[in-house]
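Participant: Structure provided below as structure tokens; questions to follow.
The values are calculated or read from the model by the stated rules, or taken from the named source; none is laboratory data. For clarity, every value in this text was computed on a predicted model and none was experimentally measured. Neighbour counts are summed over all protein chains in view; Cβ atoms, including those assigned to glycine, are modelled from backbone coordinates with ideal geometry.
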Amino acid sequence: MKIEKTTSFSADLKVDEEAPAYVTFSGSVDADGKPNVNFYISDMAIYMAHTNEFMAAFTEFQTEVFDYSNEMLKGSSAVETGV
């Protein structure tokens, strides 16, 4: 049996704290350090009215996932090279 390890990320984008999420972000980094980022738009009208906010949030989310992946890869590279 092979057990796969992943690290998961998720975030909801809302107009305000009381409003329902209009976008859900999800991401993961697998045991090999490979990142995966996705989003789901649940309310297209709100999304269309807030595309700048969406792009800023998506960039922030991607950065978080990819930074984590890069740190994992640096760590595994140091182990492999002995650096």
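Participant: Taking only pairs six or more apart or across chains, which ones have beta-carbon atoms under 6 Å, a first residue in region 7-18 that is closer than 21 Å to residue 48 by Cβ, and a second residue that is in a strand (DSSP E or B)?
Facilitator: 11/25; 12/24; 13/23
Participant: Out of everything in region 42-69 that is within 15 Å of the chain's Cα centre (by Cα) and without any contact (Cβ under 8 Å) to a residue 24 or more places away in the chain, what residue ends up being farthest from residue 23 (Cα to Cα)?
Facilitator: 67
Participant: OK, next. Being farther than 29 Å from residue 4 by Cα and surrounded by fewer than 12 Cβ atoms within 10 Å (Cβ to Cβ) is the filter here, so list the residues in region 29-45 that pass it. Write out each step before concluding.
Facilitator: First, the residues of region 29-45 that are farther than 29 Å from residue 4 by Cα: 42-45.
44, 45 - these are the residues of region 29-45 that are farther than 29 Å from residue 4 by Cα and surrounded by fewer than 12 Cβ atoms within 10 Å (Cβ to Cβ).
Residue-wise test of (1) surrounded by 17 or more Cβ atoms within 10 Å (Cβ to Cβ); (2) modelled with pLDDT of 95 or more; (3) part of a loop (DSSP other than H, G, I, E, B); (4) among the polar types (S, T, N, Q).
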site: 10; (1), (2), (3), (4): no, yes, no, yes
site: 17; (1), (2), (3), (4): no, no, yes, no
site: 26; (1), (2), (3), (4): no, yes, no, yes
site: 47; (1), (2), (3), (4): no, yes, no, no
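Participant: A further question on this structure: Of the residues in region 28-41, how many are among the hydrophobic types (A, V, I, L, M, F, W, C) and in contact (Cβ under 8 Å) with a residue 24 or more places away in the chain?
Facilitator: So the first thing to find is which residues in region 28-41 are among the hydrophobic types (A, V, I, L, M, F, W, C), and the list is 29, 31, 37, 39, 41.
Still in the list and also in contact (Cβ under 8 Å) with a residue 24 or more places away in the chain: 29, 31, 37.
Counting residues in region 28-41 that are among the hydrophobic types (A, V, I, L, M, F, W, C) and in contact (Cβ under 8 Å) with a residue 24 or more places away in the chain gives 3.
Participant: I would also like to ask the following. Just give me the residues in region 28-45 being part of a loop (DSSP other than H, G, I, E, B), of a type outside the set (D, E, K, R) and under 20 Å from residue 74 (Cα atoms), in sequence order.
Facilitator: Step one: of region 28-45, the residues part of a loop (DSSP other than H, G, I, E, B) are 31-34, 42-43.
Now narrow it down to the ones that are of a type outside the set (D, E, K, R): 31, 33, 42.
Of everything in region 28-45, those that are part of a loop (DSSP other than H, G, I, E, B), of a type outside the set (D, E, K, R) and under 20 Å from residue 74 (Cα atoms) turn out to be 31, 33.
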